[in-house]
1. Out of Asp80, Asp32, Asp62, Asp43, I need the residue that is of a type outside the set (A, V, I, L, M) and surrounded by 13 or more Cβ atoms within 10 Å (Cβ to Cβ). Which one?
2. Just for segment 102-119: of the residues that are aliphatic (A, V, I, L, M) and closer than 16 Å to Ser33 by Cβ, which one is surrounded by the fewest Cβ atoms within 10 Å (Cβ to Cβ)?
3. Just to be sure I understand, how many residues within segment 84-96 are of a type outside the set (Asp, Glu) and surrounded by fewer than 13 Cβ atoms within 10 Å (Cβ to Cβ)?
4. Which numbered condition in (1) of a type in the set (Lys, Arg); (2) farther than 18 Å from Cys67 by Cα; (3) surrounded by 11 or more Cβ atoms within 10 Å (Cβ to Cβ) is the only one that Lys99 fails?
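Readers should treat all values here as calculations from the given coordinates under stated rules, not as data from a laboratory. In this text the structure is predicted, and so the values were computed from the model without any measurement. Neighbour counts are summed over all protein chains in view; Cβ atoms, including those assigned to glycine, are modelled from backbone coordinates with ideal geometry.
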Amino acid sequence: MSNYKEQFEAAVKRGQTEELVTAIKKWESEGDSLIGRLEAISDFTSSDYETPCKCYTFSTDDGLVTCVLGAVGDKVLNNDNHLGAVFAIIFKGQGESTKGQRYNVFSIQRVIPESRKNK
């Protein structure tokens, strides 16, 4: 029986490993984007937000990435039917509510699967 290091190295050679640590996407500049497959939706609470929101984990070309999209993003993506779908999320800057609160504005686009495209 091989040791753990040998098992890991053999799995890497076979392409049978996956990255479990995620990068956190920070929305800083207008035009920042995240493109990938939605893998998970989890609850998120932070002192930065007045109310609890959701955290989204995407599989991207650069590995796993998590992000928070706030209330507007939650209304669009907080649905298990979206799991496995490919999305492009583009940061459009910030807006301000009538109460003077700042919020992030996003364009959220879903890739339509070929099987649904011609229906």
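1. Values: Asp80 fails: surrounded by 13 or more Cβ atoms within 10 Å (Cβ to Cβ); Asp62 fails: surrounded by 13 or more Cβ atoms within 10 Å (Cβ to Cβ); Asp43 fails: surrounded by 13 or more Cβ atoms within 10 Å (Cβ to Cβ).
One residue alone meets the criteria, Asp32.
2. Going through segment 102-119, the residues aliphatic (A, V, I, L, M) turn out to be 105, 108, 111-112.
So of that shortlist, the ones also closer than 16 Å to Ser33 by Cβ come out as 105, 108, 111.
Values: Val105: 15, Ile108: 14, Val111: 12.
Here the residue is Val111.
3. At the first step, the residues of segment 84-96 found to be of a type outside the set (Asp, Glu) are 84-95.
The next check asks that each one be surrounded by fewer than 13 Cβ atoms within 10 Å (Cβ to Cβ); those that pass are 84, 93-95.
Count: 4.
4. It fails just one condition, (3).
For (1) among the β-branched types (Val, Ile, Thr); (2) assigned to a loop (DSSP other than H, G, I, E, B), each residue gets a yes or a no:
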{"site": "Ala10", "(1), (2)": "no, no"}
{"site": "Gln16", "(1), (2)": "no, yes"}
{"site": "Lys26", "(1), (2)": "no, yes"}
{"site": "Phe58", "(1), (2)": "no, no"}
{"site": "Leu64", "(1), (2)": "no, no"}
{"site": "Gly84", "(1), (2)": "no, yes"}
{"site": "Ile90", "(1), (2)": "yes, no"}
{"site": "Gly95", "(1), (2)": "no, no"}
{"site": "Asn104", "(1), (2)": "no, no"}
